[in-house]
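Q: Mind looking over this structure? Questions follow.
The values are calculated or read from the model by the stated rules, or taken from the named source; none is laboratory data. This one's a predicted model, so the numbers in the text were calculated from it and none came from an experiment. We place every Cβ from the backbone using ideal geometry, glycine too, and count neighbours over all the protein chains shown.
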């Protein structure tokens, strides 16, 4: 079939057959995607077996709860960020800390505090470096933003996230910190490590067929929001990781690389209330003021909640 014949067929099957109320947007999307899919089947000469194996794959990926991971691994989530960047630029919105992917592992409801939070439960303190992350939340003119909501989450030393990893305590390595009157936030935690896709999982299955690895560098995720400002979804990746610029999820961006500095000064160790040398990362956040009629910075998607 040519495209004209395909579009006619799709219309006959999914538009002309309607007998109830139609959602125009859903109809528009379904008709377009079906037309593109049918055209791809024609162009690639896909067999019925290949089509059904593809459907079986998506059923398996959904059952394994890996569709969010797949979206990151194939670059879909990064592409959506690039589209959002373009939409912002067209609306005259520039500057601020760069956005990057959320990933599939956020959990709502993390404990909230003002200015400072200890994120880890102490279970890895004897064999993992302590890390202090701190910074200021400002606008693009450098004005401090007090009471900004800074949500932070990252993996443990095995590359696993609490809630999804049932061996960890509730909300381990997850906190919400409200910036203080100086716009400052400080998080005491442990050094995260990168992780790989489950080796026998559905995402790695596809990556293997594409000749790709499924590894991420060491990183820390953020949501940052404040009234009157555009919500920021971002993360920093840590300098020195072998996958820093080879992130399978394409999340590393200029401006989002942080350096972990070793701190061994005894006075600073005492001031921080710890008993050994630690690592320190500075990550300042610049929020952009919201504009009337600007594209939304909120993404409505299903997220875990403990």
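Q: How do the pairs read when you match residues in region 263-274 that are under 15 Å from residue 191 (Cβ atoms) with residues anywhere that are assigned to a helix (DSSP H, G or I), using Cβ under 8 Å and keeping only pairs 6 or more apart or on different chains?
A: Listed by first residue and then by second, the contacts come to 263/269.
Yes or no, residue by residue, for (1) touching a strand residue (DSSP E or B) at 6+ places or on another chain (Cβ under 6 Å); (2) assigned by TED's automatic domain parsing to the domain that holds residue 233; (3) under 29 Å from residue 105 (Cα atoms):
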residue	(1), (2), (3)
34	no, no, no
40	no, no, no
55	no, no, yes
65	no, no, yes
91	no, yes, no
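Q: Any chance region 278-287 includes a residue that's without any contact (Cβ under 8 Å) to a residue 60 or more places away in the chain and more than 20 Å from residue 76 (Cβ to Cβ)?
A: No: region 278-287 contains no residue that is without any contact (Cβ under 8 Å) to a residue 60 or more places away in the chain and more than 20 Å from residue 76 (Cβ to Cβ).
Q: Given the options 139, 165, 129, 180, name the one that is out of contact with any strand residue (DSSP E or B) (no Cβ under 7 Å at 6 or more places or on another chain) and either modelled with pLDDT under 95 or in the same structural domain as residue 241 (by TED's automatic domain parsing) (or both).
A: Result of the check over 139, 165, 129, 180: 165.
Q: Which condition from (1) part of a strand (DSSP E or B); (2) over 29 Å from residue 273 (Cα atoms) is the one that residue 135 breaks?
A: (2)
Q: Tell me, which residue of region 234-261 that is touching a helix residue (DSSP H, G or I) at 6+ places or on another chain (Cβ under 9 Å) and surrounded by fewer than 23 Cβ atoms within 10 Å (Cβ to Cβ) is nearest to residue 104 (Cα to Cα)?
A: 250
Q: Out of everything in region 81-103 that is part of a helix (DSSP H, G or I) and touching a residue at least 40 places away in the same chain (Cβ under 8 Å), what residue ends up being farthest from residue 256 (Cα to Cα)? Quick ask: steps written out before the conclusion?
A: Looking only at region 81-103, we keep the residues that are part of a helix (DSSP H, G or I), and these are 81-90.
Going one step further and asking which of them are touching a residue at least 40 places away in the same chain (Cβ under 8 Å), we end up with 84, 87-88.
Numbers: 84: 17, 87: 21, 88: 19 Å.
So the residue we want is 87.
Q: Another question, if that's okay. Would you confirm, using the coordinates I've provided, whether residue 75 is within 24 Å of the chain's Cα centre (by Cα) and more than 16 Å from residue 248 (Cβ to Cβ)? Talk me through it step by step, then tell me what you get.
A: Values: within 24 Å of the chain's Cα centre (by Cα): yes; more than 16 Å from residue 248 (Cβ to Cβ): no.
Considered against the rule, which asks whether it is within 24 Å of the chain's Cα centre (by Cα) and more than 16 Å from residue 248 (Cβ to Cβ), residue 75 comes out as no.
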